[in-house]
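A short reminder: the numbers here are calculations on the coordinates, not readings from a lab. Since the model is a prediction, treat every value here as computed from it, not as a measurement. Reconstructed Cβ throughout: ideal geometry from the backbone, glycine too, with neighbour counts over all protein chains shown.
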C-alpha cells in the first residue's frame, strides 16, 4: 500500500494541460482557466480622480475660514478644465481631478454660499484622491495564465476594458459506472438492483469544477463489453472516470481491459474510505478508476482525482492549507489515513456517526473532512486537521 | 452609523422566499435550493449486501481448516437463493446476501479448490455485510427544504432512485450600475470615462451563487431616468442590485428616486470598505443599493447583500464560522470594522498592501477576508478571524 501523499504525487505526475484554447466573452468566463496571462492595456483608474464628494483644491493655496471662488463644477464623467488660480472646483466621487488640484476637501468640512466656499479643515497633498494606476498599471500582468476566474477576476478584467479572454477549452470527462446491479434513477429497480448514484455524484462534481461531462451509461461486468466501452470513451474524451470494478476479483474487469488497451498503474492507497485506485492511459486519454462505494468515490475524487484533473485543465491552484480544529470526538487508530466526513462547529469539529464507505449521507451531513493520520488514535479535545469540501473544489 | 452586525440583521429582516417552485431533473439540480424536503421511497441499500469479494457464511457453522461446499455463486445484480445448510456461497462486492447467511469471509482469508473452500480466519455476525437501510431508511427525510444541492446531495437523491426534485425557481436579479463616467468593456473609453467593472463582478457573483441575472445597462446620473430605470427593473425582477449613487450628494439619485417609487431604509454601516448601503422596496421587488467602488461592492455584496439574497432564494444555510489565524501584519485601529482582503498562508494570514476601496486587485490576490474589529489595532502575531471567500459563497 502506498500513502495518500505518494498517491497524490503519482496522480500529479505527467499531468500537462490537454486542452486547447478558445476565446470567450467575460460574461461566459466564470470558472474558466486562463490560457494566456492578461495584460493591462490601460491604467486603472485611467486618471487621478476624486474619492469623495467635495472640493478639488491646490493645498498650498488653502487656509481655514477664507472664502474661495468655485470656478467649475465637475460631476463624474465630465472633462475638467485646469483649476483656475486661487479658486477651487466643486467635484463629485469618481470625477477626474482638474489639472493643478492636488487634494479634495470633503463637503462635510465646507460651508458654501453663492458660488463661494470656506473650509473647516485643511487637506494634505493627495488626500481623497485616487491616483491614476493605483489598482492596475498599464502594461502590467494583471492575471497569470493558469488562473481560474472567480467573480473578482472577471471584475478586474472588465475594469481594464477587456471584453474577451483566452481560456482553456473545458476538459471533457466521460463517466463510466461498472456494475450489473446498477439501475438508473426514475426506473423501476428489481430486487437485486441498486440505483446508480456515482454517475450523478461525479457528473455534479465535474459541473461544479467547470469540466464538461460527456455522459454515458453504466458498463456491464463483462470483459469484452468493458473493453469496447473504454475504447469508445477514449475516442470521445480527455479523461475517463470509472467507478467500481477496479479491484482484483473475478468480477473486476477494468484492470484486464486496460492491459489490452493501454497502460495501467494500480495502487492500493492507504486512504479510507477508498483503497484501490488506478491511473491508466488509452492513447492520449487518461483513465482514472475510482472505487465503487459512494463515500469512497466522494473522497477519492476530491483528494486524488481532482488535483490531476485541475492540472489537465491547465490550472495553477492555490495551496490548500487545512484548518486546525479541536476534535469533538474520539476514534481508535486505523491502518489507513482516514478522511472522516465531518462538520465544523463553533466548538471545533464533529464527525458523522456512521463512517462506513457505503454511507453517502455522511458527506451530505457536513461541510468537510476531519483528517485522521494513519496508525494514530484521536482523543476528544485534540487538535486535528479539517478541510472544507468547498475549498477542495476551489475555483 | 450602525454596526456590521446590525446591518446584517436589518438585511435579513422580512426576507421570505419570493420564488415559486419548479420540477427539475437531478442533472439540472446542482446548486439549486430544495422547495420541498426529499423523502426516501426505499431503503438504501435496499437489502443486506456484501462489502467485499469473499464467501457468505452462517457464522455458527464455520470452523477453521474445515472444507465447505460452495453451493452457489452470487455476482452483484444476481438474485441469490437461500444459503443451503452447511455450505457457503461465493459472493462479490455489492451482491445481495443469500437468506440464512450472516457474514462474509473475505477471499484473502480462504483457500478454495474444486468448488470447496476452507478458511484461515472466522467472522463475527455482520462482518463485511452492509445492512439494508444503513445509509437511508425508507420513509425518512433525507434532505430538508431549503437545502442547497451540492454534488453529494445529488448523489444521495440518485441513490434513492429519485430522478426529479422540486426546487425554488432561480431568484431573478437585475444589476443596475449608476454613473455617467461608465463605459462598457470592449468599447473605446473617452478621457473621462472608466470601464464598468461592477456589473460584471455582480453578474458573476450571482451566477456563482445560483441566481439568474437579468442584465441591464448603466443608468445615467439623472433623477427622472433613474426613476424610470428602477420602475422598469422592478417589473422584471425579484431583486434590483444597484452600485453607486447611494450617498447623499447632488449626483446621487437612488435615494430620491426610491422615495417616489417605494420605501427606503438607508444606513451608514461601520464597514470598510463600504459605508452607505440602502435596502428598499418597489412593489414586491427588493432593492439593495451598494456603494460604487469595486472593492466596496465586492465586500458589501458578500457580507451584507448575499445573506438576504439567500433567504429570498429560500435557502437555509449552514452558519459561517471564521477561522482563527495568526496575523502576519500590523494595522492601526479604525472607526469601522474592516474586511481586509487577505491570503491564508502556512504561517497565518497576510494582507494585500493597498486596502483602498478602489483597488479590486486586492480581492484577486487572495482567498479571504481578515477581519479587523472597530476601534482595534492589530499587532503582528495576534490572532484574527479569517473568512474564506469560497465559504461565503457556499452552495
ask   = Once you treat every alpha carbon in the protein assembly as shown as an equal point and sum by Debye, what is log10 I(q)/I(0) at q = 0.06, 0.07, 0.08 Å⁻¹?
value = -0.45, -0.58, -0.73
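Mind ranking A:384-390, A:128-134 by how tightly packed they are, going by the mean number of other C-beta atoms within 10 angstrom, highest first?
Values: A:384-390: 21.0, A:128-134: 19.3.
Going from most to least packed, we get A:384-390, A:128-134.
Eigenvalues of the Cα gyration tensor times 5, then square-rooted: what semi-axes does that give for segment A:240-395, in whole angstrom, largest first?
Details: eigenvalues 182, 66, 30 Å².
Each semi-axis is the square root of five times an eigenvalue, giving 30, 18, 12 Å.
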key: Residue-averaged 222 nm ellipticity for chain B, from DSSP H runs of 4+ at -39500 (n - 2.57), nearest 500   = -5000 deg cm²/dmol
ask   = Normalised by the residues of chain A, what does the relative contact order come to in percent, with Cα pairs under 8 Å and at least six apart?
value = 17 percent
remark   = Note: chain B, point scatterers on Cα, Debye, no solvent; log10 I/I(0) at q = 0.08 Å⁻¹ equals -0.60
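Could you list B:174, B:8 so that the one with the fewest beta carbons within 10 Å of its beta carbon is first and the one with the most is last? Let's see the in-between values first.
Details: B:174 25, B:8 15.
The order, fewest Cβ neighbours first, is B:8, B:174.
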request  = For peptide B:89-102, compute the average count of partner chain beta-carbon atoms within 10 Å of each residue's beta-carbon.
outcome  = 3
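Just the C-alpha atoms of segment B:49-130: what Rg/Rh do they give, with Rh taken as the Kirkwood radius?
Values: Rg = 10.8 Å, Rh = 11.9 Å.
Result for segment B:49-130 is an Rg/Rh of 0.90.
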remark   = Dividing the mean separation of Cα pairs under 8 Å (6+ apart) by the residue count of segment A:291-395 yields a relative contact order in percent of 34 percent
query = Hey, fewest Cβ within 10 Å first, where do A:357, A:335 land in order?
reply = A:335, A:357
request  = Quick one: order B:351, B:320, B:42, A:157 by neighbouring beta-carbon count within 10 Å, fewest to most.
outcome  = B:320, B:42, B:351, A:157
note = Taking 0.36 nm per residue of separation between residue A:377 and residue A:109 and subtracting their Cα-Cα distance, the length gained on full extension comes to 90.0 nm
message = If you average the alpha carbon positions of segment A:156-222 and of segment A:39-79, how far apart do those two centres end up, in angstrom?
response = 54 Å
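For segment A:16-99, what is the percent of antiparallel DSSP beta bridges, rounded to the nearest 5? Can you show the working numbers first?
Numbers: 4 of 9 bridges.
DSSP beta bridges in segment A:16-99 are roughly 45 percent antiparallel.
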ask   = So what's the gap between the Cα centers of segment B:109-128 and segment A:240-268, to the nearest angstrom?
value = 25 Å
Choice from B:186, B:139, B:262 with maximal GNM fluctuation in chain B (Cα, 10 Å cutoff) = B:186
key: Overall form of segment B:1-88 per C-alpha gyration tensor (a/c, 1.5; a/b vs b/c)   = prolate
ask   = How high is the relative contact order of segment B:179-247, in percent, counting Cα pairs under 8 Å that sit 6 or more residues apart?
value = 28 percent
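Tell me, what is a quarter of the convex hull surface for the C-alpha atoms of segment A:323-390, in nm² with one decimal?
Details: hull surface 16.7 nm².
Mean orientational projected area (segment A:323-390, Cα hull): 4.2 nm².
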request  = Provide a whole-number value for the mean count of partner chain Cβ atoms within 10 Å of the Cβ atoms in peptide A:345-352.
outcome  = 1
ask   = For peptide A:355-368, how many partner chain Cβ atoms fall within 10 Å of a residue's Cβ, on average?
value = 6
